[in-house]
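J.: The structure's right below; bear with me while I get my questions together.
The values are calculated or read from the model by the stated rules, or taken from the named source; none is laboratory data. Quick caveat, the model's predicted, so the values are computed rather than measured. When we count neighbours, we look across all protein chains shown, and the Cβ atoms used for this are built from the backbone with ideal geometry, even at glycine.
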Amino acid sequence: MWMNAREEALKITMGVLFDGCFLNDALKKVSVNEHTAFVTRLSKMTVERSITLDFAIEKASNIKLDKLDRLILGILRISVCQLLYFDIRPAAVCDEAVKLSSKVNHGTYTGYVNAVLRNISERAGQNKNYIAELTRSLPAEKRMSINYSMPQWIVSLFIKEYDEKTAARIFKQFLAEKPLCVRFSEKNYRLYKEKASEKEYEPSEEKASEKDGALENELIEEYILELKEKGISARKGNYAPCALYLEGYSSVNEIPGFDEGVFIVQDESSQVAVYTAAKVFESMQVNAAGKASENEGKAVNALDMCACPGGKTVYLAELLEKMVKEGKASRNKVKISARDLYEEKLAVLKENCSRMKVDCVQAKKQDGTVYVPSDEGAYDIIIADLPCSGFGVIGKKPDIKLRVKEEDIRELSLLQRKILDNAVRYLKKGGVLIYSTCTLTSLEDERNAEYISNSLKLNKTDLRTVLPEYLKDARGAEDGHIRLDPDKNRTDGFFISAFIKP
């Protein structure tokens, strides 16, 4: 069985590192059995540590890596990963690697594989940090590239964006194992409890008297206790009011409440972006209270320009519908248009909307760079969480750092501006635009926020006026936007800015 598991990990990592396959897509196809967790962890860690692994192999090899048979290099990578980062007997790792190399290469490299792995095993056994020792005398950028398994050009970029120490902390956080982040749905939790008890769910009198989010907080605490009884560890997030971090589950769709839409997988940073959109819109309603009669009987029209897989769309729908219900939006209903470029991604979005019981969303295939005349001046809120280099989510998608090239950053920033040009035209006067990315480059983040203000002539909203105190010290807050960083905030890296159309 170990053999089958390692073969599957070899197939996945070969596909990603040699053939350009997407890691997350490959991991969705992992065989479901007692070795699923092992295969998933080994595959992901081999990809994210590939630069470090290649350095270790090269130091122990008498053959240049570019001269090695691809399958043999693949076997060495998954095997060295086990030697350095797994609690498995070195002899077992070496023996299984030799068997696998014999199977795929008819024994030609078995002696070589055994010698390389024994060499690395011996070094690691004497000093777990031997790679750090080997790189100690190297220039800082090269040393960090090897130790944090990061392409050197990205190391240089992050040192420029931050500084050497901060870059190192971010890279270290990318490599840390993380719990699953989900967003709790108060509305669906109530329905879930009603279904379980076969009667209308009523919070206790003490809970029902709570206001301003306190009731929602109590319901989250109740759900946390319910999960604990099932052996699942859960804790609340630090920034988004409905964020939960889960550990100790076997499969996401087996967590209590999944089918009923009690939660949806969504990083806390992404939740903050949507929460920001709702808060800015709510503040605009307060400021325009005298014009409420103009909107009576109308819908809040929102557009999520790059919506898939739907976490932002669903959360925005729930927040806006709650505002309408509580009379905070001077409207009587919500309509959201969710756009994306690919039909298969839109299918996932529709599934998420259905499971989360959101029926105010219309999904449509649309290229954001192509202007749609009928959308001119149509929307009160637009979320432009746009395609980017994705450096903020390297911890979840480590193949990003191997896939994105330095020249892509400039091209992506121009693509973002092309989409933003259309977004501004689609926005009503007085409408709210949220510009966000899941990356950490100023060219895609701050420079594009400046473009929205200076070239597209929208008024930037100071997020310190609408966000809670604990977010007001986020990086960039003094300039009116925020950048959530993996090292400081323990979330995905995320840039968030808000604008009003005059």
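J.: What about Gly125, is it at pLDDT below 95 and either touching a His at 6+ places or on another chain (Cβ under 6 Å) or not in a helix (DSSP H, G or I) (or both)?
T.: No: the conditions fail for Gly125.
J.: Could I ask something else about it? If the requirement is being among the polar types (S, T, N, Q) and either surrounded by fewer than 21 Cβ atoms within 10 Å (Cβ to Cβ) or not in a helix (DSSP H, G or I) (or both), which of these qualifies: Ser137, Ser101?
T.: One residue alone meets the criteria, Ser137.
J.: Still on this structure: I'd like the residue in the range 460-490 that is of a type in the set (A, V, I, L, M, F, W, C) and assigned to a helix (DSSP H, G or I) and, out of all such residues, is surrounded by the most Cβ atoms within 10 Å (Cβ to Cβ).
T.: Residue satisfying both the conditions and the ranking: Leu463.
J.: A follow-up question, please. Restricting to the range 2-30, count the residues that are touching a residue at least 24 places away in the same chain (Cβ under 8 Å) and at negative phi.
T.: So the count comes out to 18.
J.: Is it the case that the range 193-210 has a residue that's part of a helix (DSSP H, G or I), modelled with pLDDT of 75 or more, closer than 30 Å to Glu321 by Cβ and in contact with a helix residue (DSSP H, G or I) (Cβ under 9 Å, 6 or more places away or on another chain)?
T.: Yes, the range 193-210 contains at least one residue that is part of a helix (DSSP H, G or I), modelled with pLDDT of 75 or more, closer than 30 Å to Glu321 by Cβ and in contact with a helix residue (DSSP H, G or I) (Cβ under 9 Å, 6 or more places away or on another chain).
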